[in-house]
Amino acid sequence: MPFELELAHSPNGASAVSDADEATKTTSPFLRPRSIAVIGVSHNQDSLGSRLFQNIIDGSFPRPVYAVNKSGGTIREVALYRSVIDCPGPVDLALVIVPAAAVVQTAEECGKKGVKGLVVITAGFSETGAEGSERQKDLLAVCRRYGMRLMGPNCSGFVSTHPDFLNAQFTPYKPLPGKVGFFSQSGALGAAVFEYANRLGLGLSAFISVGNEADVSALDFIRVWKDDDNTDLILLYLESLGDPREFLRVAREVSKKKPILVVKGGRSTTGLRAAHSHTGALVEGSGSLIDTLFAQAGLVRTDTLEEMLDLAALLVTQPVPRGNRVGIVTNAGGAGILTADACEEFGLEVPELSQATQTALRAFLRPEASVRNPVDMLASSVLTDSASAARVMVRDAGIDGLIVLSAPPLFFTLDELSKKILAVDGEERPKIPIVISFLGSFGMSKVLTDGMARIPCYPIPRMAVQTLSRAVAYGRWLQKPPGTVPAFPGIRRSESRSLIDSASEFGRNWLSPEDANSLLAFYGIPTVKTAKASSADEAARAASELGGKVVLKGVAEGLVHKSDEGAVRVGLAGEAETREAAEAMAKRLAAAGHEVTGFLVQPMIPPGPEVIVGVTNNLAFGPVVVCGAGGVLVELLKDVSVRIAPITDVDASEMISSLKTYPALTGYRGAPPSDVPALREIILRVAALANDLPEVAELDLNPIIVQPFGSGAIVVDARVRLERSSKT
Ligand code: ADP
Ligand code: MG
């Protein structure tokens, strides 16, 4: 048996099958079938089934394509087989457009025939309610039983342009062959995508629509395209993510190799639980977790499909910019200024060109021309001016990208200009991208888009700038070190597990302060020494044992934000002062309806920036880690960064440095710089804790008081809420 052979080759019995191999196996019956059957080709030439069949034939697919119709007969001299079983040769791929009620039976026949990939175009499944959902389940069960992979149901098929042109969809539109893999959860967008992409001269390696995505999903194709030499760029239109964590894992790796662009449709349900903690509230307030996920995975999100294709046109034809400094050359001063303004809006710089560049430009431009940047050649410029200016500017080491603008020129045509710029682009030159915008000419330049796009051209300069800025963002991602998720030796996992299990056993939702501190200690997270006292006298004794200044905190059932209720007193000195404070605190809390059950006494930690680090375990995304400006003002400041676990050391550093209040940690107004590495380590250890213990629904470390560099960071208040996760 071939399986035994494969196993014999794999070391230690581990699976030798990688993500990529698995994905290739999944997608090859679709993208590389040896033969095809279209099931549901009717005698009516306008039916979707007939159109789909005809599209495949018109695309000159070089291997057998069978047409199936339950009544048999012929259509335009093509034999119609009554069932897929009757097709004279083997069938790899079956495309199904029969009434919904007949789909499961048809799938069964395909299974018997040995079909490997089934595309169900028919609608009337989970998108229509309970009955449809049942039908989808049955369909999937048949596919599983026969080992068939399923695309759809309720999809509009696909087009693949490599290795053969296979146009397996029913609209009269089709893409140009090229290097862009497009995956869409909506099939209906296909025709519009083809039209817009064709206009840009942007070719596709494939367009895949999966409809209800019962089986094959975006991840399968992302994995295949990762190693596909015919796909340089991956475009996604998504409405939902099946498994966000797996998506993050795979996409973050692939996007280091090839850009992944995404448009997300639909309101995102972020799976938030009702928040009981600061962290929960902060995550809720910080925007969509989908955006967090995309950013963490290095995906470039655009607002519209058109913008995504505009960006694709840049990335498939031009090098990825290494920085954000832009040169602008124009024959219309106003256009140059508007474009420079747009650069500022989108975070691009327009630096003054080097002296050498300016001198070189002066040599051929008119004396009235401006050569600093934007370079304004004036309306009277001639064709060679533009080409020469572009040639000089792309060689200026001080810019990372060039925008060529032109208002309708006086002495030459835009096609002539396009040819000149193409020639410059083709010359041996430093690797910086060139983008073009021809103002006022809504059509694209024929020269630039005919056949294959070579330089992207946009009708509005602002579009050119926005698109370039997105390419810059991708460039930043490429330069960012990948980072690692550190393994911390010495974490006491089994003790943590028992602590959680015994707390859950007693039905406790909130860990007691001692348990919370123990849990943190098991994960190597430093917490302030905390003495427990059951009376004012005991608190006083604890204070004198600790010595120095202390902090007194009241403990009462349901008392959550202690300082709001006057249950925190800082800077107490000695026995008498502590006793007095404790008695007063108990009285005050009792008056407010909180019966004090005890006190916590802690040494007073020297002051430093207060930071919150927390976790909220999201139903869909798993543990979400937060770092922000902490202390009692946390909700007021709302200065927070959010990441989905697992997080890398690079993520953790970024979480800290992206805070608005980061300067407070680096030595603000004469304060000593804080121990940022210690804070980073706490973030990473908290992420490890949350990853290991799914019952931790919410965790708040607020505040962590960050000490001067080299002196650590210490948790003075920790709250942990447990919830039995459905996964455990
Ligand atoms: P709560 O969040 O329930 O109001 P905290 O324990 O966080 O109570 O304390 C509130 C504030 O008191 C903290 O933000 C911090 O400024 C200060 N504080 C608390 N414990 C200490 C300590 N051990 N050392 C120094 N300051 C502390
Ligand atoms: Mg607190």
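Here, each number is a calculation from the coordinates, and none is a lab measurement. As the structure is a computational prediction, the values presented were derived from the model and not from experiment. Counting neighbours? That spans all protein chains shown, and the Cβs are built from the backbone with ideal geometry, glycine included.
Excluding SER518 itself, what net charge comes from residues whose Cβ is under 10 Å from its Cβ, given Lys and Arg +1 and Asp and Glu -1?
Details: positive: ARG492; negative: GLU495, GLU514, ASP515.
Counting the neighbours of SER518, the net charge comes to -2.
Tell me the trypsin sites (Lys or Arg not before Pro) within region 676-726 that lie in a loop according to DSSP and have at most 13 other beta-carbon atoms within 10 Å.
On the way: sites: ARG680, ARG685, ARG719, ARG721, ARG724; in loops: ARG724.
Those satisfying the criteria are ARG724.
Tell me, what is the FRET efficiency for TYR173 and ARG362 to the nearest 0.05, using R0 = 56 angstrom and their Cβ-Cβ distance as r?
Values: r = 50 Å, r/R0 = 0.89.
It comes to 0.65.
For ARG492 and ILE460, FRET efficiency with R0 = 45 Å and r from the beta-carbon atoms, rounded to 0.05?
After rounding, the FRET efficiency stands at 0.15.
Can you check what the net charge comes to around VAL706, using other residues whose Cβ is under 11 Å from the Cβ of VAL706 (Lys, Arg +1; Asp, Glu -1)?
So the environment of VAL706 carries a net charge of -1.
Considering just Cα atoms, how many Å³ per residue does the convex hull of region 572-728 enclose?
Values: hull volume 23.8 nm³, N = 157.
Considering the Cα atoms of region 572-728, their hull volume per residue is 151 Å³.
Does region 180-251 come out rounded, prolate or oblate by the C-alpha gyration tensor, with a ≥ b ≥ c the root eigenvalues, rounded set by a/c under 1.5 and, if not, prolate when a/b is larger than b/c and oblate if not?
Details: a/c = 2.34, a/b = 1.35, b/c = 1.73.
Oblate, because a/c is 1.5 or more while a/b does not exceed b/c.
For region 40-89, what is the convex hull volume of the alpha-carbon atoms per residue, in Å³?
Numbers: hull volume 3.5 nm³, N = 50.
Value for region 40-89: 70 Å³ per residue.
In nm, to one decimal, how far is the ASP649 label point from the ARG199 one, both placed 7 Å along Cα→Cβ?
Once both label points are built, they end up 4.9 nm from each other.
Label-point separation (nm) for GLU635 and ASN230, each offset 7 Å from Cα along Cα-to-Cβ?
About 5.7 nm separates the two model spin labels.
Indicate the gyration tensor shape class of region 122-229 (rounded, prolate or oblate), computed on the Cα atoms with a ≥ b ≥ c the square roots of the eigenvalues: a/c under 1.5 is rounded; otherwise a/b larger than b/c is prolate and the rest oblate.
Details: a/c = 2.59, a/b = 1.66, b/c = 1.55.
The shape class here is prolate.
Å³ per residue of the Cα convex hull, for region 636-728?
Numbers: hull volume 10.0 nm³, N = 93.
Each residue corresponds to 108 Å³ of Cα convex hull volume.
Determine one quarter of the surface area of the Cα convex hull of region 284-423, which equals its mean projected area, and express it in nm² to one decimal.
Values: hull surface 40.6 nm².
Mean shadow area of the hull around the Cα atoms is 10.2 nm².
What angle do you read, to the nearest 10 degrees and between 0 and 90, between the alpha-carbon axis of helix 536-546 and the longest principal axis of the chain?
Compared with the principal axis, the helix lies near 80 degrees.
Out of all DSSP beta bridges in the chain, what portion is antiparallel? Express it as a percent rounded to 5.
Here the antiparallel bridges make up roughly 50 percent for the chain.
List the pairs from LYS587/LYS638; LYS264/LYS660; LYS116/LYS226; LYS116/LYS256; LYS174/LYS264; LYS562/LYS660 whose alpha-carbon separation is above 30 Å, in the order I gave them. List each step's numbers first, then the result.
Values: LYS587/LYS638 33 Å; LYS264/LYS660 28 Å; LYS116/LYS226 22 Å; LYS116/LYS256 32 Å; LYS174/LYS264 23 Å; LYS562/LYS660 26 Å.
Checking Cα-Cα distances, LYS587/LYS638; LYS116/LYS256 exceed 30 Å.
Using only Cα atoms, locate the centre of region 703-726 and the centre of region 465-505, then give the distance between them in Å, rounded to an integer.
Centre-to-centre distance over Cα atoms comes out at 17 Å.
Could you work out the helix-only [θ] at 222 nm for the chain, with each DSSP H run of four or more residues adding -39,500 (n - 2.57) and the total divided by the number of residues, to the nearest 500 deg cm²/dmol? Intermediate values should be presented prior to the final figure.
Working: 24 runs with 273 residues, N = 728.
-11500 deg cm²/dmol, from helical runs alone.
For the chain, what does the relative contact order come out to in percent, with C-alpha contacts under 8 Å and a separation of six or more?
RCO, the chain: 9 percent.
In 10 Å bins starting at 0, how do the alpha-carbon pair distances of the chain split up by percent?
Using 10 Å bins, I get a P(r) of 3, 12, 18, 18, 17, 15, 10, 5, 2, 0, 0 for the chain.
How would region 375-459 be classified by its alpha-carbon gyration tensor: rounded, prolate or oblate, with rounded meaning a/c under 1.5 and the a/b versus b/c comparison settling the rest?
Details: a/c = 1.67, a/b = 1.17, b/c = 1.42.
Oblate is the answer for region 375-459, as a/c is 1.5 or above yet b/c matches or exceeds a/b.
Taking the Cβ of VAL115 as the center, what net charge do the other residues with Cβ under 12 Å away carry, scoring Lys and Arg +1 and Asp and Glu -1?
On the way: positive: ARG34, LYS112, LYS113, LYS116, ARG149; negative: ASP92, GLU108, GLU109.
Net charge in that neighbourhood comes out at +2.
Find the centroid of the Cα atoms in region 164-233 and in region 36-75, then give the distance between the two in whole Å.
The two parts, judged by their Cα centres, are 21 Å apart.
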